[in-house]
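Structure, as structure tokens:
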Amino acid sequence: MSISRSILLRASRSQWLARQMAERAFAKRAVRKFMPGEDVTDAIEAAQRLSSEGLGAVLTQLGENLTSLGEAGIVREHYLGVLDQIAARGLTASVISVKPTQLGLDLSLDACFEHLDVLAARAKSVGPGMLWIDMEDSSYVDRTLDLVRKLKGKHDNIGVCLQAYLKRTPADLDSLLPLSPGIRLVKGAYAEAPHVAFPDKRDVDLAYYALAETLLASASRGQAFPVFGTHDRGLIDRIVSRASSLGVKDKAYEIHMLYGIRAADQRALATAGRTVRTLISYGRSWFPWYMRRLAERPANVWFVLRSMV
Ligand code: FDA
């Protein structure tokens, strides 16, 4: 891992920096590159604009590691409201993605399951909507996958993120495939020890493609619903070509990217017939998430410095 990436990821855990940045106008200006605004209505309006360009959306409220179960209940009510707005505005290509720690995972596995259970049922009732579950750092993987296995016993619209940089992911994928899950494959965004995750980007890219091949082979038998969450255009082109050689139908997999990154590629892929969704984040707790975006491409720091002046 590069020094700049590791410094930015360490900074992402600083409460002091988070408080400082939240007050600074230049920081808010810089964050706008990756999010349309802090309010959910900003995100819904962006989803509406994207829909007119043939792109779906995934909405997610920023925030992680809550300190009381009451806060988790508020987050659940918030997402229920978002699902109602999606239905009211006819945004059939919009879904939600949630972080387990924002729904109380640190405090009670049962309470977190109950919140996810309620959200999955509402997501299904407002349309064919998936409930996507983010993957946080490696200490949460076992608990998150336990939740997914339990939820899959009740709902068919559950999807979970798996991170290619984790050395355990091939085994996790094998154990999940019999459940015909939705899997959003990403490279991985957290600071992890080298015995847990590949430190070298080349190894992560190789692991990503190997996992993508496994997912596509399962999708060709109707046994998985893969989503490729990446902005790596070379990788996407190889995946699309592999999908076509395996006879995986265009609608049987999706490509997801983040708001504000490679927007032209998102439109071009949609025009070429791929199903593309843009993950739109919103909310006031943007600091750790924003630092992870800077760490993915330390050149983004220059953009922040420019925003200061
Ligand atoms: P890579 O880092 O190789 O980037 C490829 C190219 O994309 C770069 O060369 C650059 O041009 C562009 N790019 C990438 N990141 C950029 C940035 N921040 N700013 C500007 N350009 C950038 N992670 C996680 O651990 N848990 C999760 O739940 C999720 N969820 C998730 C959902 C979706 C839809 C996406 C797209 C990503 C995530 N991630 C995630 C983040 C993921 O793990 C990863 O950190 C980023 O996607 C960056 O990796 P790429 O795959 O884009 O490749």
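The values are calculated or read from the model by the stated rules, or taken from the named source; none is laboratory data. Being a predicted model, the structure only gives us computed values, none of them experimental. Positions of Cβ are backbone-derived with ideal geometry, glycine not excepted, and every protein chain shown enters the neighbour counts. These accessible areas exclude ligands, DNA and RNA; they are computed on the full protein's heavy atoms, side chains included. Shrake-Rupley method; radii C 1.70, N 1.55, O 1.52, S 1.80 Å.
Taken together, the residues in the stretch 1-19 that are over 18 Å from Glu64 (Cα atoms) and not hydroxyl-bearing (Ser, Thr, Tyr) amount to 4. Within the stretch 184-217, being more than 18 Å from Asp232 (Cα to Cα), in a helix (DSSP H, G or I) and open to solvent by 40 Å² or more (accessible area, probe 1.4 Å) holds for one residue alone: Thr214. Screening the candidates Asp237, Asp250 for the property of being without any contact (Cβ under 8 Å) to a residue 60 or more places away in the chain, farther than 28 Å from Lys167 by Cβ, open to solvent by 40 Å² or more (accessible area, probe 1.4 Å) and not aliphatic (A, V, I, L, M) yields one hit, Asp250. For Glu254, the conditions (1) within 16 Å of Met35 (Cβ to Cβ); (2) within 16 Å of the ligand (Cβ to nearest atom) are fulfilled apart from (1). Restricted to the stretch 225-259, and to residues there that are within 28 Å of Ala43 (Cβ to Cβ) and modelled with pLDDT under 95, the residue that is nearest to the chain's Cα centre (by Cα) is Lys251.
Open to solvent by less than 60 Å² (accessible area, probe 1.4 Å), among the hydrophobic types (A, V, I, L, M, F, W, C) and assigned to a helix (DSSP H, G or I): is that true of Ala43 in this structure? So Ala43 passes the test. Just one of the listed residues (Arg262, Arg277, Arg267, Arg284) is buried (at least 19 other Cβ atoms within 10 Å of the Cβ) and within 20 Å of the chain's Cα centre (by Cα), namely Arg277. On inspection, Val240 does not qualify as farther than 25 Å from Leu116 by Cβ, within 11 Å of the ligand (Cβ to nearest atom) and not acidic (Asp, Glu). Against the test of being closer than 22 Å to Leu151 by Cα and within 16 Å of the ligand (Cβ to nearest atom), the options Glu64, Glu77, Glu114 yield a single qualifying residue, Glu64. Taking the criterion of being open to solvent by less than 10 Å² (accessible area, probe 1.4 Å) and of a type in the set (S, T, N, Q), the only residue of the stretch 218-229 that qualifies is Ser218. Candidates Ser175, Ser180: the one that is surrounded by fewer than 17 Cβ atoms within 10 Å (Cβ to Cβ) and modelled with pLDDT under 95 is Ser180. Filtered by the rule that a residue be within 15 Å of the ligand (Cβ to nearest atom), assigned to a helix (DSSP H, G or I) and of a type in the set (Asp, Glu), the stretch 135-183 gives a lone residue, Asp172. Can you find a residue in the stretch 49-65 that is open to solvent by 20 Å² or more (accessible area, probe 1.4 Å) and farther than 29 Å from Leu269 by Cβ? Yes; the residues of the stretch 49-65 include at least one that is open to solvent by 20 Å² or more (accessible area, probe 1.4 Å) and farther than 29 Å from Leu269 by Cβ. Checking the structure you have, find out if any residue of the stretch 49-67 is part of a helix (DSSP H, G or I), without any contact (Cβ under 8 Å) to a residue 12 or more places away in the chain and more than 17 Å from Trp289 (Cβ to Cβ). Within the stretch 49-67, one or more residues are part of a helix (DSSP H, G or I), without any contact (Cβ under 8 Å) to a residue 12 or more places away in the chain and more than 17 Å from Trp289 (Cβ to Cβ).
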